[in-house]
Ligand code: ADP
Ligand code: MG
């Protein structure tokens, strides 16, 4: 690929220590992801997927190695710069949706733009646009408990895109959904990566979802390798 990588991960190592016990969660993980790519990270439960995504998104710090996202060396950033990175450069989607229960769908999507002090007119305009993008324009005023699991995850995806991130990090976004709804969410992510030009790293252990990814990385006991995609 000719363009510069958006994500560079080099020699990433993470060790969890609890008392005398050590768990090596990442073993010298190295890969790159390019602008506009949807990269699936697959692996069994406990293989290191969440640990990897957390180091890349600046939610945690590794023991060795480096991460660069959009030209910023994440692993060298001070805490306040990490806060800005997570607000402006990376959008997060989690298995459990992470919506604020007392806020409507529209208000949840607007939260990241309040953090960046986006003027209310522009904010409301973008909230409308994002809810339409994820097919929820009719549900703007409903609270999370009034939405289905798939609809909640659509709200969370719209919120993750609010500040126009370069990178979308999704940790088992379909993990709490039935397989058909999960597939719809993956198809939505696939479409958004194309239309919004973001790069997406999606952890999943659902083999049926791999066909939608541009590339598949497999992690096993903290060791990452690239999987050759089957032509379909
Ligand atoms: P996955 O997301 O693929 O299920 P994780 O990244 O959550 O895997 O976990 C990788 C390994 O690190 C597992 O053995 C897990 O038990 C361990 N681990 C994860 N988080 C912690 C933690 N905070 N403290 C200790 N061990 C942890
Ligand atoms: Mg996990």
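The values are calculated or read from the model by the stated rules, or taken from the named source; none is laboratory data. The model shown is predicted, which means the values in this text are computed figures rather than measured ones. Glycine also receives a Cβ, built like all others from the backbone with ideal geometry; neighbour counts cover every protein chain displayed.
Of note:
- Residues satisfying the stated conditions in the stretch 22-50, i.e. within 6 Å of ligand 1 (Cβ to nearest atom) and in contact (Cβ under 8 Å) with a residue 40 or more places away in the chain: 25, 43, 45, 47, 48, 49, 50
- Residue within the stretch 2-14 that is touching a strand residue (DSSP E or B) at 6+ places or on another chain (Cβ under 8 Å), within 14 Å of ligand 2 (Cβ to nearest atom) and more than 14 Å from residue 167 (Cα to Cα) present: yes
- Those residues of the stretch 162-172 which are under 21 Å from residue 104 (Cβ atoms) and surrounded by 22 or more Cβ atoms within 10 Å (Cβ to Cβ), in sequence order: 162
- In the stretch 48-146, counting only helices (runs of 4 or more DSSP H) that sit wholly within it, none holds 1 or more residues that are within 18 Å of the chain's Cα centre (by Cα), outside the structural domain of residue 37 (by TED's automatic domain parsing) and within 16 Å of ligand 2 (Cβ to nearest atom).
- Scope the stretch 173-206; condition farther than 18 Å from residue 35 by Cβ and within 16 Å of ligand 2 (Cβ to nearest atom); matching residues: 173, 174, 175, 176, 177, 182, 203, 204, 205, 206
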